[in-house]
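Remarks on the structure that follows.
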DNA sequence: TTGTAGGCGTTATCAG
DNA sequence: CTGATAACGCCTACAA
């Protein structure tokens, strides 16, 4: 293993000069700096993160905390995880996965990424003694990254109007959380701007719940209706039941999902959907958290990423 | 932060005695040992894993390497990950997720868990200079954990016979990998033991490929046929198309999947399936890998976990 | 601007 | 069986 000392010998300087070239290069004269840099390159030196962690009283570990049940979790978590991991790897950080909220503070970590937080979880956060960031919008001042839920459904609703669907119905998730309110707001605001009256249903986030809903109300739906769904799961159920009721998709009925990560392998129709760049969001969360750690906890603000509409087979 | 020194002072012994009580308790007299243990408990001392890592030239990090494309990956990876994480957390280990095979050896890690390995990947392994274990059966002597694929399809096939399905057809994945061969072998051996002639189809691991297959051959399938499928994805496609062709499931046609992790939220039928205890397998992999690291790379052998049949709506 | 000394928390080694 | 010492690789504080 190549150490600071090896580089120092190679460059004929002291260890401290090498250390400075790495951490505070501006404090070193250009000549010495380039000498050191050459030696570093020649020996392929990389700082030992563990030794750095020891002196800095860091662990180089952060926790990925998920407060949602992982069995019923959206498949996009895996993308979030890999995006997050990519951000960590660059900085030589590693993660521990935690599903049990009571174990957040056991062991050593420099900070936390918290996902799947619901309203009931917030009181937990104020007790945390390490920096943390949230995945998912909130309006209590906690740093977060999310996609712009309101914008997403605005895009979806405008698209439905542009495709000349006359009725535009929103099928949301029956959950009282900020992301759902934002998605509904995106839909409602867009319709009202065009003097159209919104129509909203809400169901649990399962494809079969959506199927039941369509089954029950199918006779009420006229042709030229587009369903804006708050998740791909719901959209898949809507689309499936529409076909069962002999509704023509996409000619007479349009369906737009949300998330854009649903496995084509399990659904037979290619769903038009609002896609979130989840990997990128994971990577941004990593960067945000590491920066927050570095700055000993200073606020990082809120980041809303633009989602995009992916046009596929379930809309005309 | 409570350190070794604090405990030593509290117990009126040297740091080394405290260290020994933790690592080699048999070398310390019972009196001193209990003194130290009391002090440890009183101060709620926990060893600093980073300092340990530094002296032991360890990083306390392992890499979770996935060689499969993560977008098309099975949803059960998330369960494997969380099981693996649970095993790591106990030993204060953290992980880095790696999807790019060329980056396996960049950065620091004490060992690797490798998943999604295909035949083409094996030459890579011999070049690795750190201990590793595989998720997924192989017959080249590499340590692994997997479920017993052969046993799983034996259970499925016997179950189909017991439910008096007269024809039993296997629908496999068209891939030349050990797990697939083992699943086919479990089916074939069981049928041949009962003097029944096997009938095998193979399709890509997508529900729509399975649907196409059923659509094409439906007229050839008599009543009282059970389809043993090599994955839940295939089973979902088979079941869906059977219904579309007006076949009665489960009365006239049975369908059995494999994996047992498929989201009920996206499929409307409750699938009978062979379930692998994936979380537990993840945890075993963690234990195996950490043990291997501790024993500086000594072989850990092969672990095959018993899968179980979950009886649900797609078989009578 | 550069170098020296000391220490982060732990453990191996060797002396007592 | 127990303790003092040195070392792991790096960085802060101070001195030159």
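Quick look at the values:
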quantity: Under the Debye formula (equal points on every Cα, no solvent term), log10 I(q)/I(0) of the protein assembly as shown at q = 0.05, 0.07 Å⁻¹; calculated: -0.29, -0.55
quantity: Peptide A:204-210, shielding by other chains (average Cβ, 10 Å cutoff); calculated: 3
quantity: Nearest-to-axis residue of chain A, judged by beta-carbon position, where the axis maps A onto B, in Å; calculated: A:94, 2
quantity: Residue order, fewest to most surrounding Cβ atoms within 10 angstrom, among A:33, A:183; calculated: A:33, A:183
quantity: Dimensions (Å) - the range A:149-276, Cα atoms, principal axes, largest first; calculated: 34, 27, 23
quantity: For the range B:4-47: relative contact order, % (alpha-carbon pairs under 8 angstrom, 6 or more apart); calculated: 41 percent
quantity: Relative contact order (%) - criterion: Cα under 8 Å, at least six apart; region: the range B:149-276; calculated: 26 percent
quantity: Virtual paramagnetic centre 7 Å along Cα→Cβ of residue A:202, amide N under 18 Å, in the range A:96-120; calculated: A:117-120
quantity: Shielding by other protein chains, A:233-243, mean Cβ within 10 Å; calculated: 1
quantity: Position residue B:57, label points 7 Å along Cα→Cβ, spacing to each other copy in nm (shortest first, one decimal); calculated: 3.0
quantity: Position residue A:122, label points 7 Å along Cα→Cβ, spacing to each other copy in nm (shortest first, one decimal); calculated: 5.7
quantity: Percentage relative contact order, the range B:72-177, counting C-alpha pairs under 8 Å, at least six apart; calculated: 15 percent
quantity: Modelled FRET efficiency - R0 30 Å, residue B:218 with residue A:270, Cβ distances, 0.05 increments; calculated: 0.80
quantity: MRE, 222 nm, helices only [DSSP H, n ≥ 4, -39500 (n - 2.57), over the protein assembly as shown, to nearest 500]; calculated: -12500 deg cm²/dmol
quantity: Percent of alpha-carbon pairs separated by more than 23 Å within the range A:1-153; calculated: 53 percent
quantity: Helix A:207-217 vs. chain A, principal-axis angle (Cα, 0 to 90°, nearest 10); calculated: 20 degrees
quantity: Directionally averaged projected area (convex hull, Cα atoms, chain A), nm²; calculated: 20.1 nm²
quantity: Degrees between helix A:232-244 axis and first principal axis of chain A (Cα, 0 to 90, nearest 10); calculated: 30 degrees
quantity: Least to most buried among B:310, A:169, A:50 (fewest other Cβ within 10 Å first); calculated: B:310, A:169, A:50
quantity: Inter-copy label distances at residue B:6 (7 Å, Cα→Cβ; nm, one decimal); calculated: 3.6
quantity: Cα radius of gyration and Dmax for the range A:4-47 (Å); calculated: 8.8, 23
quantity: GNM flexibility winner over chain B from B:304, B:281, B:16 (Cα, springs under 10 Å); calculated: B:16
quantity: Average beta carbon contacts from partner chains per residue of B:105-115, 10 Å cutoff; calculated: 2
quantity: Inter-part distance where the range A:28-87 and the range B:220-261 are each reduced to a Cα centre, Å; calculated: 47 Å
quantity: Candidates B:62, B:21, B:303: whichever shows maximal mean-square fluctuation once chain B is modelled as a Gaussian network with Cα springs under 10 Å; calculated: B:21
quantity: Rounded to 10°, Cα long-axis angle of helix A:149-162 versus longest principal axis of chain A; calculated: 40 degrees
quantity: Residues A:298, B:59, A:182 arranged by fewest to most Cβ contacts within 10 Å; calculated: A:298, A:182, B:59
quantity: Choice from A:256, A:278, A:104 with maximal GNM fluctuation in chain A (Cα, 10 Å cutoff); calculated: A:104
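Readers should treat all values here as calculations from the given coordinates under stated rules, not as data from a laboratory. Being a predicted model, the structure only gives us computed values, none of them experimental. As a convention, Cβ positions derive from the backbone with ideal geometry for all residues, glycine included, and neighbour counts pool all protein chains shown.
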